[in-house]
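These notes are about the structure you will find just below.
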Amino acid sequence: MQYLPRIADSLLARKLQAFGAVNITGPKGCGKTTTARQQARSVVEFQDEDTREGLLQVAETQPSRLLIGDNPRLLDEWQDAPKMWGAVRKSVDDRGEKGLYILTGSSSTDVETPHTGTLRISTLQMLPMSLWETRESNGEVSLTDLFSHPGGFDGCHSDLTVDGIIYAICRGGWPGTLSIDDVDIRLDIARDLFWQTTHVDISHVDSTRRSPQLAEAILRSYARNICTPAKTGTMLADVQANHDVGETAFREYVSALEKLGIVDDLPAWSPAIRSKTAIRTARKRNLIDPSLAVAALGITPEYFNTDFKTLGFLFESLCIRDLKAYSSELGGQMSFYRDRYNLEADGVLHLSDGRYALIEFKLGSNEIEDGAAHLCKIEKLVRQHNEQERQVPLRLPDLKLVVTGTEYGYKRDDGVIVVPIGCLAP
């Protein structure tokens, strides 16, 4: 199967120029090893059963021998041989060169290392594939260009239909789906990942025996509350309807799911434009890919013919996943804004240089007006704050975006840019 370029390709190339080694992390099945192979010049595969036993013996007794080879040298599933981390760290110190090693491993194994690898082994977090990477977005609108030249946006057109968006949400951004011709069978990948997570990985991640049924219930609660700032108590009560579990155990399960890269909550943005008591700071519940929520709920694309409300939340999760990917080269960090006056921005995308965008996610065109009004109201609050607090001004938003599932993109008279998710690219 032909390799489809990933956003992580350029990120990995850049890190290899800056650091001696790069450790690629991310949820199981997101394509870490395949992406690493594109730039590796030699490979050690600890999962190869033909050579595994011998490799593990060498890794235990003299791990430095496994570092001999063309660089960058890929150590795939390095967590099976934990001493390789220290060997890589020492080799980077001794050689003083960049781009020597790439490490990949399963998120289902959490290994404590005696050394952090700071300034020697850099971490690259991979996400599931975005719509641009799966070629479902035509890429007419570059997020980077929007930030740099917002005045240059003159509209766009998406061929991605609502049915196409629904299918992309249910299938997810898992590379393993792309080699499957049958569109129905592709949906099995996310279902299997959900099952593996709850029945195998959640216990394997830190060698703690956990209940698969309780893990499933927690992920179902996440799915029901996806892209909402649901409190822990609310979700706990949801789970307690069928399971005897306390808050401590609940939080411990969620922590394990975070280690696996499955749970991916959004923090709240808390600027000083309202009093501290007015800003709501609860995290917005989210999963790394909306297909996991679909799998947890046990539904299919046909379900959304009668439930557009749930679809709206899952669409938001899809957009958050893609915007995180598109902004990764710019140091993008996603959060959201909500206060007790019900003023909100579904997303706030901050870049490492201080620029930021206020974002609303609206699947249909009938919601665009309300979304744009929210963004303009927040911008107005920032302006009012700056008039009153001249010595500590807040930066005005560089972009106001409404990301939609509609066909056409355009710029409104109020400065809000409406852009279909089927047109966005890095």
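Stretching GLN39 away from LYS98 to a fully extended chain increases their span by 19.9 nm, per 0.36 nm per residue minus the current alpha-carbon distance. Dipole magnitude for the range 327-392: about 200 debye, using +1 per Lys or Arg Cβ and -1 per Asp or Glu Cβ, origin at the Cα centre. Along the positive direction of the dipole of the chain (beta-carbon charges: Lys, Arg +1; Asp, Glu -1; about the Cα centre), which of TRP85, PRO290, PRO27 reaches farthest? Positive-most Cα among the choices belongs to TRP85. Dipole size of the chain about its Cα centre, with +1 on Lys/Arg Cβ and -1 on Asp/Glu Cβ: approximately 1440 debye, rounded to the nearest 20. For ILE368, ILE180, ILE262, the sequence from fewest to most other C-beta atoms within 10 Å is ILE180, ILE368, ILE262.
In plain terms, the chain is cut at each of the chymotrypsin sites (Phe, Trp or Tyr not before Pro) found in a DSSP loop with at most 13 other Cβ atoms within 10 Å, and the longest leftover piece is 4-340. Structure remark: mean-square fluctuation, Gaussian network model of the chain, C-alpha springs under 10 Å; the largest value among ALA21, ALA357, ALA241 belongs to ALA241. Quick check on the range 7-125: take the gyration tensor over C-alpha atoms, sort the square-rooted eigenvalues as a ≥ b ≥ c, and tell me if it's rounded (a/c under 1.5), prolate or oblate. Here the range 7-125 falls in the rounded category.
Computed from the C-beta positions of THR248 and LEU396 and an R0 of 35 Å, the FRET efficiency is 0.20 to the nearest 0.05.
Name the shape class, rounded, prolate or oblate, that the alpha-carbon gyration tensor gives for the range 161-230, where a ≥ b ≥ c are the square roots of its eigenvalues, rounded holds for a/c under 1.5, and otherwise prolate holds if a/b is larger than b/c and oblate otherwise. The shape class here is oblate. Build a GNM of the chain with springs between Cα atoms under 10 Å apart, and of GLY364, GLY29, GLY152 the one that fluctuates most is GLY152.
Here is the result for the range 189-266: no GluC sites (Glu not before Pro) lie in DSSP coil with at most 12 other C-beta atoms within 10 angstrom of their C-beta. Helices in the chain that qualify as membrane-span-like (whole DSSP H runs, Cα extent of at least 27 Å along the helix axis, mean Kyte-Doolittle hydropathy of -1.0 or higher) are 368-388.
Using a 4.7 Å Cβ-Cβ cutoff, the cysteines of the chain lacking any partner cysteine are CYS30, CYS170, CYS227, CYS319, CYS376. If the chain linking ILE180 and THR161 were pulled fully straight, counting 0.36 nm for each residue of separation and taking away their Cα-Cα distance, it would gain 4.7 nm. Distant-in-sequence amide contacts of VAL402, defined by a placed amide H-H separation under 5 Å and a gap of 5 or more residues or a different chain, comprise GLU360, ILE417, VAL418, VAL419. Note on the chain: with a GNM built from Cα contacts shorter than 10 Å, the maximum mean-square fluctuation among HIS149, HIS199, HIS350 falls on HIS149. Pairs from the table (LYS28/LYS83; LYS284/LYS380; LYS324/LYS380) all lie within 29 angstrom of each other at Cα.
Only helices enter the 222 nm calculation for the chain: every DSSP H run of n ≥ 4 contributes -39,500 (n - 2.57), and dividing by all residues gives -11000 deg cm²/dmol, rounded to 500.
Taking the DSSP beta bridges with both ends in the chain, the antiparallel portion is around 35 percent. Annotation note: GluC sites (Glu not before Pro) in the range 1-99 located in DSSP loop regions with a Cβ neighbour count of at most 10 within 10 Å are GLU49, GLU97.
Quick one: grab the alpha carbon gyration tensor of the range 141-425, order the square roots of its eigenvalues as a ≥ b ≥ c, and give me rounded if a/c is under 1.5, else prolate or oblate depending on whether a/b is larger than b/c. Note, shape of the range 141-425 comes out oblate. Here the label points at TRP195 and ASP154, each 7 Å from Cα along the C-beta direction, are separated by 5.3 nm in the simple model. Modelled this way, with points 7 Å down the Cα-to-C-beta line, the labels at ARG52 and ARG412 are 5.6 nm from one another.
You can think of it this way: the chain between PHE308 and LEU4 has 106.3 nm of extra reach, that is 0.36 nm per residue less the Cα-Cα gap. Sites counted here are trypsin sites (Lys or Arg not before Pro) in a DSSP loop (not H, G, I, E or B) having no more than 13 other Cβ atoms within 10 Å; the longest part of the chain that contains none of them is 42-134.
FYI, it's all coordinate maths here, none of it is from the lab. For clarity, every value in this text was computed on a predicted model and none was experimentally measured. As a convention, Cβ positions derive from the backbone with ideal geometry for all residues, glycine included, and neighbour counts pool all protein chains shown.
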